[in-house]
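Asks: Mind looking over this structure? Questions follow.
The values are calculated or read from the model by the stated rules, or taken from the named source; none is laboratory data. In this text the structure is predicted, and so the values were computed from the model without any measurement. Here the Cβ positions follow ideal geometry from the backbone for every residue, glycine too, while neighbour counts run over all protein chains shown.
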Amino acid sequence: MNHILRFIPILCTCVAFAACVQADPVRHMADGHGGASHYTMDPHSFARPDEAVATHLNLDIHVDMGRQRIHGTATYDLKRQSGDSVVFDTYGLSIEKVTLGDGSEAKHALGDSSSMGRALKVALPPGANKVAITYSTGPEAKALQWLSPGQTKDKQHPFLFTQGEAALTRSWIPIQDSPGIRITYDAHVTVPQELMAVMSATNPQERNSEGSYRFRMDKPIPSYLIALAVGDIHFKATGNRTGVYAERSMVDTAAWELADMEKMVEAAEALYGPYRWGRYDVIILPPSFPFGGMENPCLTFATPTIIAGDRTLTSLIAHELAHSWSGNLVTNATWNDFWLNEGFTVYFEHRITEALYGKDYNDMTTVLGYQDLLKTIAEIDSGKHPEDSALHLDLAGRDPDDGMTDVAYEKGYALLRLIESKVGRPDFDAFLRGYFDHFAFQSITTDTFKAYIRKELLGPKQVDLNLDEWIDKPGLPANVLVPTSEKFAEVDKELSRWSTGAPAKGTPAKLLNTQGWNTFQWMHFLRHLPPGETPARMDELDAAFHFSASGNSEILAAWLEQCVKNNYQKAFPKLDEFLTTVGRRKFLIPLYQALIATKEGRERALEIYAHARPNYHSVSVRTIDDLLQWKGPRS
Ligand code: BES
Ligand code: ZN
């Protein structure tokens, strides 16, 4: 895919600029050793850091909530290495002007459009090491979700949030959008006076009357971690260096739910060394946020579906916090190496929750994750890309999002658990601490990891665990450790009391011994309901356990999935409401998948989706469009 395509000049000053840029992103990226000049090839970025790489971004933008547009200037400090140009990624941006450090206009040109956007190539005279790009975002900015007041919790003010991972930042900032390239940034953001802005950086805790906010991130981070949220946002502390941002009516509830944040930071530090980012805060976003959480440095972005009223869904915060080491400190060099981010984070998350909540808790979440993994591998096996159940992927020519499955998370975690079991926990912990220190603020490839662990751990300990098979081959190797949970064995027992014993089946639901069950036990129960239950039996369950009325999103989603599978129509209004308000992709996929298994369900899915779709963020829209083969209106 190295063909050279035509370059479209966008300003009269650029007509004379004859250079061409490849329209397909093919080159680069770094094992970002600060000043290093060797970059790993990133199939998802146009940038050519081996020629010129941005080291610092100064962002000066105005957020126009009414016109749903960001306008401003991104000014970069550059490190020149070779060549006479610098290339940025853009997606749907209008480029107004490009100037050099001395204020003179720079020749520049936009490449042809592709699914990864357009390259912006700027000519650099000898010695030029600053570029300022004035731009505005387009209506299809994939990173941005603009919410009307009605789509927020408090219904008073509009809201905006960004989602950069994987390669979406280029749709709101012209940038070298590759996880192998790190920059520091500072930002000046102006917003309507009644709103507040927060970013993945040092943050204000109070609003100011001008609607003018300044931010600074002085650690080098990859572009996918630059994030912004704007809305009627309020802050409440949960400890000395932790706190919660949320809409006004949510902030106290959220602070109560996330009361353990400070303890989580302490537990994480006790495991793998100091937290290097200053404060750790969380912002609870409106329900359309497409993920459970996103590890934007200093400020995790989170879905309100973790606010269950019982503090049981906070392991998600442990996960996002863990990314402050695995991911934000040591980053995957390309999206093919995504498992290095997520597999390590799931392992670390489990270690934090084990320290806080004990072994039973951890066994349960490990089993649930393993169940997810088996399901995902089975789906991948029967799909178009059976090779995607390898840890190390080849996503060239595809959307990087396609590789972001439970394989990276749970197979990655299974590999690390196996290593832990072979070398023993103390040695594995010492290794991980060294790994985070050694590669701090760098982006590394799977091969770098392999070489490092062989040299530092597996070689000296003479451990053989088929590392190459684990990393490069699809499926699960035979030496995988199959997790078990005693607490789930109790659930299995009660479930079989309810479901066996023909013809009347067994013990009535309300007589089952379910006292003291936690969220995970209920999830396990619901996941293993026998197929083909009658409406009367579903009624019985709902009457005994009030699933339809559950305020716990994990329990409600697991229940609704069973309602669809068993065609339990009484729950359909609730299903409709859930799918219309919640945009968290992890919940949407199984529900829509269950719906489309029958012809009637498929029609229902299309009907619901037609009115739910405008409430979803672009990443959920893309997934559900594909799943339903959506041909309806595009916006
Ligand atoms: N970094 C991910 C979210 C993400 C993944 C965004 C891929 C874009 C592309 C985040 O850390 C994450 O893994 N979130 C999970 C929660 C977690 C507890 C497994 C989620 O959102 O469900
Ligand atoms: Zn994660």
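Asks: Being within 28 Å of S315 (Cβ to Cβ) and part of a loop (DSSP other than H, G, I, E, B) narrows it down to one of L393, L415, so name that one.
Replies: L393
Asks: Additional query: Here are some conditions: (1) buried (at least 17 other Cβ atoms within 10 Å of the Cβ); (2) in a strand (DSSP E or B). K142 meets all but one. Which one does it not meet?
Replies: Unmet condition: (2).
Asks: Still on this structure: Please enumerate the residues belonging to the range 240-273 that are under 19 Å from Y357 (Cα atoms), of a type in the set (G, A, S) and in contact with a Leu (Cβ under 9 Å, 6 or more places away or on another chain).
Replies: Answer for the range 240-273, where residues must be under 19 Å from Y357 (Cα atoms), of a type in the set (G, A, S) and in contact with a Leu (Cβ under 9 Å, 6 or more places away or on another chain): A267, A268.
Asks: Still on this structure: Is it the case that N240 is among the polar types (S, T, N, Q), in contact with a helix residue (DSSP H, G or I) (Cβ under 9 Å, 6 or more places away or on another chain) and surrounded by fewer than 18 Cβ atoms within 10 Å (Cβ to Cβ)?
Replies: Answer is yes for this residue.
Asks: So how many residues does the range 280-304 have that are among the aliphatic types (A, V, I, L, M), outside any loop (DSSP other than H, G, I, E, B) and more than 13 Å from ligand 2 (Cβ to nearest atom)?
Replies: The total comes to 4.
Asks: Scanning for something more than 19 Å from I233 (Cα to Cα) and in a helix (DSSP H, G or I), does the range 308-315 turn up at least one residue?
Replies: Taking every residue of the range 308-315 in turn, at least one turns out to be more than 19 Å from I233 (Cα to Cα) and in a helix (DSSP H, G or I).
Asks: Could I ask something else about it? Can you tell me which residue is nearest to A451 (Cα to Cα) among those in the range 344-355 that are within 13 Å of ligand 1 (Cβ to nearest atom) and not acidic (D, E)?
Replies: Among those that are within 13 Å of ligand 1 (Cβ to nearest atom) and not acidic (D, E), it is F344.
Asks: Could you grab the pairs with beta carbons closer than 9 Å, sequence gap of 6+ or different chains, first residue in the range 340-353 and under 8 Å from A318 (Cβ atoms) and of a type in the set (S, T, N, Q), second one more than 7 Å from ligand 1 (Cβ to nearest atom) and outside any helix (DSSP H, G or I)?
Replies: T353/T314
Asks: Would a scan of the range 290-300 turn up a residue that is more than 28 Å from T405 (Cβ to Cβ), touching a His at 6+ places or on another chain (Cβ under 8 Å) and modelled with pLDDT of 95 or more?
Replies: No.
Asks: Let me ask something else about it. Of all residues in the range 323-343, which are among the aromatic types (F, W, Y) and either outside any helix (DSSP H, G or I) or within 11 Å of ligand 1 (Cβ to nearest atom) (or both)?
Replies: Result: W325, W335, F338.
Asks: If we scan the range 52-66, do we find a residue that is hydroxyl-bearing (S, T, Y) and over 20 Å from A167 (Cα atoms)?
Replies: No; the residues of the range 52-66 include none that is hydroxyl-bearing (S, T, Y) and over 20 Å from A167 (Cα atoms).
Asks: For the range 365-391, which residues satisfy the criterion of being within 14 Å of ligand 1 (Cβ to nearest atom) and among the aliphatic types (A, V, I, L, M)?
Replies: L368, L373
Asks: Among the candidates V244, V251, single out the residue that is away from ligand 1 (no atom under 15 Å from the Cβ), farther than 21 Å from T169 by Cα, over 20 Å from the mean Cα position of the chain (by Cα) and not aromatic (F, W, Y).
Replies: Answer to the check: V251.
Asks: I'm told K493 meets every condition in (1) surrounded by 15 or more Cβ atoms within 10 Å (Cβ to Cβ); (2) assigned to a helix (DSSP H, G or I) except one. Can you identify the failing condition by its number?
Replies: It fails just one condition, (1).
Asks: Consider F291 against the criteria (1) closer than 25 Å to R182 by Cα; (2) of a type outside the set (G, A, S); (3) surrounded by 24 or more Cβ atoms within 10 Å (Cβ to Cβ); (4) not assigned by TED's automatic domain parsing to the domain that holds N466: it satisfies all of them except one. Which criterion is unmet?
Replies: Exception for F291: condition (3).
Asks: Okay, moving on. Can you run down the residue pairs with Cβ atoms below 7 Å, 6 or more apart or on separate chains, where the first is in the range 148-160 and under 9 Å from E247 (Cβ atoms) and the partner is surrounded by fewer than 18 Cβ atoms within 10 Å (Cβ to Cβ)?
Replies: From residues that are under 9 Å from E247 (Cβ atoms), the pairs are K153/S249; D154/R248; D154/S249; Q156/P149; H157/P149; H157/E194.
Asks: Out of all the residues in the range 431-475, which are among the acidic types (D, E) and in a helix (DSSP H, G or I)?
Replies: Across the range 431-475, the qualifying residues are D437, D447, E456, D468, E469, D472.
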